[in-house]
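What follows is a set of notes on a single structure, which appears directly below.
Throughout, read-outs are computed from the coordinates displayed, never taken from laboratory work. Predicted, not measured: the structure shown is a model, and the values here were computed from it. Cβ placement follows ideal geometry from the backbone for every residue including glycine, while neighbour counts extend to all protein chains displayed.
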Amino acid sequence: MLDAGVELDRIRWIRPREAWFIDGAQLQPLKQVGALIEGAAHEAEAGAKASDVTDLFRRLEDAGRVMRLDEHLEPKMYRVTMLSRAELMDLRQITGVIRRGHVRAVEQRRVMLDDGELSISIDELLIDSSAYGLAASPKVQIFQDNKIILQQIRHASPTFNAALIAFLEVHRDDNNERNRLAPPNVSTNKPSDILMMLVRTWVAADHWRSEPDVKS
């Protein structure tokens, strides 16, 4: 909307929870492999030193791995959403933030929220941006008889995951071996979900290191 020229004071943002975001430059770096390795090292170091989940995210924030819109509020949501630094600065310009809980219903002239209601005009445009970018994991093995259930393997890497699944489909004949090298990862919603997500990423990466063709 900002790129389309919508004035800031005309935007109201219903934001029931603050969120942690991944800095897109960390996973799509111009420096490529070196920056990816450095980022993984930051995650491992933060995980080893953190005393709890809150401390973990503070350390990741200090390392430039994650960002938040409001530095004075503790995020309660983590969906592995990616933003650029420029996008973050644009979003921080929006001051019309409504924090009255989740949307319960939308009527012609009002939005019903957990904690009250928000009056709207009849010609006001409402945009739903609450959906997940990826479907929640079904918690089943990826390779099954006569079908493949696409899921996350390495966190925040959908194109890599799709390529790995395709590679294993061609270069491995046994589903048990394919599933060993492609263990499904978890879907995240709250900050504490990052713990299992990172562990499963690291376990999968450890399996890949023992397979020269996958490692390469």
### Query
Mind listing the phi-derived Karplus ³J(HN,Hα) values for segment 49-62, rounded to whole Hz, using 6.51, -1.76 and 1.60 with θ = phi - 60°, and x for any glycine or proline?
9, 5, 8, 7, 5, 4, 5, 4, 5, 4, 5, 5, 5, 4
### Query
Given H placed 1.01 Å from N in the peptide plane, which residues other than close sequence neighbours of I14 have an amide H under 5 Å from its amide H?
I98
### Message
Could you check the spin-label model distance between A166 and R10? Points 7 Å from the Cα along Cα→Cβ, value in nm.
### Response
4.2 nm
### Message
With n ≥ 4 as the cut-off for DSSP H runs, can you work out [θ] at 222 nm for the chain, using -39500 (n - 2.57) per run divided by the number of residues, rounded to the nearest 500?
### Response
-11000 deg cm²/dmol
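For segment 141-216, what is one quarter of the convex hull surface built on the Cα atoms, given in nm²?
The directionally averaged projection comes out at 4.9 nm².
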### Query
Could you give the length gained on full extension between T54 and E117, defined as 0.36 nm per residue of separation minus the Cα-Cα distance, in nm?
19.5 nm
### Query
Leaving out same-chain residues fewer than 8 places away, which lysines sit with a Cα under 20 Å from that of K147?
K139
### Summary
Calculating Rg and Dmax of the Cα atoms in Å from this structure picks out, from (1) 22.9, 85; (2) 20.3, 61; (3) 23.2, 76, entry (2)
### Query
In debye to the nearest 20, how big a dipole does the chain give about its Cα centre with +1 on each Lys and Arg Cβ and -1 on each Asp and Glu Cβ?
280 debye
#### Entry: Most mobile of R104, R85, R68 in a GNM of the chain (Cα contacts under 10 Å)
R104
### Task
With both partners inside segment 8-99, how many of the DSSP beta bridges are antiparallel, as a percent to the nearest 5?
35 percent
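Under the rule a/c < 1.5 gives rounded, and otherwise a/b versus b/c splits prolate from oblate, where does segment 8-99 land using the Cα gyration tensor?
Details: a/c = 3.09, a/b = 1.52, b/c = 2.03.
In terms of gyration-tensor shape, oblate.
How far, in nm, would the chain grow between R110 and I37 when pulled straight, counting 0.36 nm per residue and subtracting the alpha carbon separation?
Gain in length upon complete extension: 21.4 nm.
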### Query
How about segment 9-77: which GluC sites (Glu not before Pro) there lie in a loop by DSSP and see at most 14 other Cβ atoms within 10 Å?
E71
### Query
Nearest 10 degrees, 0 to 90: what angle lies between the long axis of helix 158-171 and the longest principal axis of the chain (Cα atoms)?
20 degrees
### Task
Count the DSSP beta bridges whose two residues both fall in the chain, then state the antiparallel fraction as a percent rounded to the nearest 5.
65 percent
